[in-house]
Amino acid sequence: LFVECGGSIDVTGRGYPEGGTYPGEGAPMGGGGSHVGTGGAYGGGVRGSTFGSVKEPQEAGGGGLGANGSSSGGGVVRIQAGTLSLGGPTASILANGSVDGWQAGGGGSIWITASSIQGNGLIEASSGGTVERGGGGAVAIEYGTATGTALTRANAKGGGGGLAGDNGGAGTVLLRGPGTAYGVLRIDNGGTTGQATVLPSLGSGTAQVGTS
């Protein structure tokens, strides 16, 4: 699969609609959409509850909802390829929440399985916003070999640029390369102080020696 420089696979805003969320979860009111990262809310606004998978993300981002313009969440990208090549720094795979009003949508999901990942493009399931920012989504990348900076640039940041209560929380980026049983989980909000990142259940069992 080759994404040329300047090209994109883009499902920004193709997730849950305004105020929509995963079945059984709480929707925001006067707040940005949530996913793994919690969306921000202004004043007495209600924050949407979080949901989703870290290891195999397949859920859309939650929609923001408020009186001053609402936005839909990011959609879902699933890629299975022998080689995924991002042809330059402006090649992108995006599942961002939309920013159509004050309340932004939450980031969506990107799940990639490839023998080889090449290039310096952007892989992102993030959010933005003008007032109430959305929470970050979930990215999981399983790979055999990797060259370039695409894995370093991959992110699921929450929306920032406002007050801490308005900013969204970080989503998750899971990188599972060769020789790693579980992979490396990265939670990075890009320097933004925002809401909580709420990890879903990772399964049950007996804690191993040396863990807590």
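The values are calculated or read from the model by the stated rules, or taken from the named source; none is laboratory data. Since the model is a prediction, treat every value here as computed from it, not as a measurement. Glycine gets a Cβ as well: all are built from the backbone with ideal geometry, and neighbour counts include every protein chain shown. Only protein heavy atoms, including side chains, enter the accessible area calculation; ligands, DNA and RNA are left aside. Shrake-Rupley method; radii C 1.70, N 1.55, O 1.52, S 1.80 Å.
How many Å² of accessible area per residue for the chain, probe 1.4 Å?
43 Å²
Once phi is turned into θ = phi - 60°, what whole-Hz ³J(HN,Hα) does the Karplus curve with 6.51, -1.76 and 1.60 give for every residue of the stretch 121-138, x standing for Gly and Pro?
x, 10, 10, 8, 10, 10, 9, x, x, 10, 10, 9, 8, x, x, x, x, 9
Run the accessible area of the chain with a 1.4 Å probe and give the carbon-and-sulfur part as a rounded percent.
That share works out to 51 percent.
At what distance in nm do the modelled label points of Arg78 and Thr149 sit from each other, each positioned 7 Å from its Cα along Cα→Cβ?
It works out to 3.2 nm between the two label points.
Give the ranking of Val209, Val77 by solvent-accessible surface, highest area first, calculated with a 1.4 Å probe.
Val209, Val77
Give me the extension gain from Ala67 to Glu4: residue separation times 0.36 nm, minus the current Cα-Cα distance, reported in nm with one decimal.
Contour length minus Cα-Cα distance gives 18.7 nm.
So what's Rg/Rh here for the stretch 104-212, counting alpha carbon atoms and using the Kirkwood radius for Rh?
That ratio is 1.03, to two decimals.
Springs between alpha-carbon atoms under 10 Å, Gaussian network over the chain: tell me which of Gln195, Gln80, Gln118 tops the mean-square fluctuations.
Gln80
How long is the gain from Thr90 to Asp188 if the chain were fully straight, where each residue apart is worth 0.36 nm and the alpha carbon distance is subtracted?
33.1 nm
Could you order Leu185, Leu175 by accessible surface area, starting with the largest, using a probe radius of 1.4 Å?
Descending order: Leu185, Leu175.
Using a simple spin-label model with points 7 Å from Cα along the Cα→Cβ vector, what separation in nm is obtained for Leu199 and Asp100?
Rounded to a tenth, the inter-label distance reads 3.5 nm.
Please arrange Val99, Val3, Val184 by accessible surface area, largest first, computed with a 1.4 Å probe and ligands excluded.
Val184, Val99, Val3
Students often get this wrong, so try it: which of [x] 63, 24, 13; [y] 27, 18, 17; [z] 27, 20, 14 is semi-axes √(5λ) of the Cα gyration tensor in Å as calculated from the structure shown?
Comparing each candidate, only [z] matches the computed number.
Write down the percent of antiparallel bridges among all DSSP beta bridges whose residues are both part of the chain, to the nearest 5.
Here the antiparallel bridges make up roughly 15 percent for the chain.
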